[in-house]
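Comments concern the structure below.
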Amino acid sequence: MQTNSFTKLIVANWKSNKTAQEADHWMDEFKHVRVPDSGRVVITPSFPLLPTVQLATQTMKNVAVGTQTISTFSAGSYTGAVSARNLLGFDVTHAIVGHSEQRRYFHTTNQDVARQVDQCLINDIVPIVCIDENELARQADAIPSDQLRSCVVAYEPVDAIGSGNNAPVDEVREMHDRIRVVFGNVPVLYGGSVNPSNAAEYALVADGFIVGTASLDVHEFIEVVKKTL
Ligand code: PGA
């Protein structure tokens, strides 16, 4: 049974980057890192790279495999979709759902996210729900309250993603408080230009991070992990 409880969760979101060979090199470096019990690292590659990541993480402690999305449907005739059933055997523990890039480029709606949460939970995967800050209540309302309790929520201001314009820490604290009012007492991650120089500061107000750009270089990501845990 997967659980959404931990001290700090750090997610490496590679997005659509990396070849199999690059993923292999990254994992070769990362597998020497000792992640303390105070934290959990989840690496979320694109689907074709799952076997590479799974193989390397098998011998690591507190490091897990995740995905960047999941189908809104269960297994069936949905060409192009990756269902939770397709993920069986890859040790996937977490799935990011509702990332702003999914909402923007693939038109994912709050209702889609609710269906993805359902698919995750049926299949023992912890959903990391990226919320649209302007639709907090609407997103929470779309997810049944007994399911909300098992989610991790991520606050990633769109302007802060991939821009180097990380959000002020006070703003992040305030938004995390608002999220807990609406979603209940769930872990809340911050994402948006997290890097080795700002990770320690955010670690004071967030239950962890989604790291995009700074996760592409393994040494930079290792530094984020060290500064956080
Ligand atoms: P970033 O991406 O770290 O490059 O800002 C974070 C994300 O989009 O999850």
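Rule-based calculations on the coordinates, nothing more; no lab input. If you're wondering where the values come from, they're calculated on a predicted model, not measured in any experiment. Cβ coordinates were reconstructed from backbone atoms using ideal geometry, including for glycine residues, and neighbour counts include every protein chain displayed.
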Let me know the charge dipole size of the range 119-229 about its Cα centre in debye, to the nearest 20, where only the beta-carbon of Lys, Arg (+1) and Asp, Glu (-1) is charged. 260
Going down the table (61/227; 31/227; 8/31; 18/227), which pairs top 21 Å between alpha carbons? 18/227
Hydrodynamic radius by Kirkwood, which averages 1/r over all alpha carbon pairs of the range 118-199, in angstrom: 13.4
Treating the beta-carbon of each Lys and Arg as +1 and of each Asp and Glu as -1, no other charges, what is the dipole magnitude of the range 131-172 about its Cα centre, to the nearest 20 debye? 180
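When the chain is fully extended, how far beyond the present Cα-Cα distance does residue 81 get from residue 55, taking 0.36 nm per residue of separation?
Going from the current span to full extension adds 7.0 nm.
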Project the alpha carbons of the chain onto their principal axes and report the range along each, largest first, in whole Å. 46, 42, 32
If you put +1 on each Lys and Arg Cβ and -1 on each Asp and Glu Cβ, how big is the dipole of the chain around its Cα centre, in Debye rounded to 20? 440
Rounded to the nearest 500, the 222 nm mean residue ellipticity computed for the chain from DSSP H runs (n ≥ 4, each -39500 (n - 2.57)) alone is -10000 deg cm²/dmol
I want to verify a result. In a Gaussian network model of the chain, Cα cutoff 10 Å, which of these has the top mean-square fluctuation: 30, 106, 73? 106
Specify which residue in the list 99, 11, 88 is farthest towards the positive end of the charge dipole of the chain, using unit charges on the beta carbon of Lys, Arg (+1) and Asp, Glu (-1), about the Cα centre. 88
Of the options 228, 59, 158, report the single residue whose Cα projects farthest towards the positive end of the charge dipole of the chain (beta-carbon charges: Lys, Arg +1; Asp, Glu -1). 59
Which of these, 110, 86, 166, has the largest mean-square fluctuation under a Gaussian network model of the chain (Cα springs below 10 Å)? 86
Length gained if residue 163 through residue 178 is fully extended, taking 0.36 nm per residue and subtracting the Cα-Cα distance, is 3.0 nm
